[in-house]
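So the structure is just underneath, and the comments pick up after that.
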Amino acid sequence: MPIKNVLVVDDSPTDRQHLTDILSKGGYSVSTAASAEEGISKAKASKPDLVLMDVVMPGQNGYQATRELSKDEATKHIPVIICTSKNQETDKVWGLRQGAKDYVTKPVNGAELLQKIKALG
């Protein structure tokens with residue numbers, strides 16, 4: 001199934017805008033959430049084709065949110081790409097273990113991100 005609608009979950013307005021710009025220029029329709037809890041709620045309500053998930057956020061973190069989305073019957077079919085400043089190999093392994101399909105580190109390389117999304121689609 002081709003990816004058209006992407007939900008960006010990040011507590012940083014700057015990062016949300018940067019990712020929205022990259023995705024919009026790539027031809028994707030973008031919605032955003034400022035917290036993991038809002039992201040889970042929006043994912044369940046709007047069923048995006050992909051979720052880009054930050055890790056370090058107040059309240060629930062992105063690993064917890066990714067795990068919740070990947071285990072919920074209503075959202076487990078939605079791929080998650082973790083998009084974070086956490087760049088250690090152990091962070092990546094842990095993210096993929098939570099159910100993420102891929103892992104991108106900040107600052108995000110737009111061409112690389114679009115290529116990873118295309119590969120999932």
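None of the figures in this text is laboratory data; all of them are computed from the coordinates on show. Here the structure is a predicted model, which is why all the values come from computation and not from measurement.
Under a 5 Å amide H cut-off, with hydrogens placed 1.01 Å from N, Val104 pairs with Ile82, Cys83, Thr84 among residues at least 5 apart or on other chains.
The 3J(HN,Hα) values that the Karplus relation (6.51, -1.76, 1.60; θ = phi - 60°) gives for the stretch 17-26 are, in residue order, 5, 4, 5, 4, 4, 4, 5, 4, 5, x Hz. Gly and Pro appear as x. Which of Lys4/Lys101; Lys47/Lys92; Lys42/Lys71; Lys4/Lys44; Lys76/Lys106; Lys76/Lys101 have a Cα-Cα distance over 20 Å? Table pairs above 20 Å Cα-Cα are Lys47/Lys92; Lys76/Lys106.
Pairs of Cα atoms under 8 Å, at least six residues apart: use those to get the relative contact order of the stretch 5-120, whole percent.
Computed value for the stretch 5-120: 23 percent relative contact order.
Full extension of the chain between Gln60 and Thr14 gives 14.6 nm of extra length, using 0.36 nm per residue less the Cα-Cα distance.
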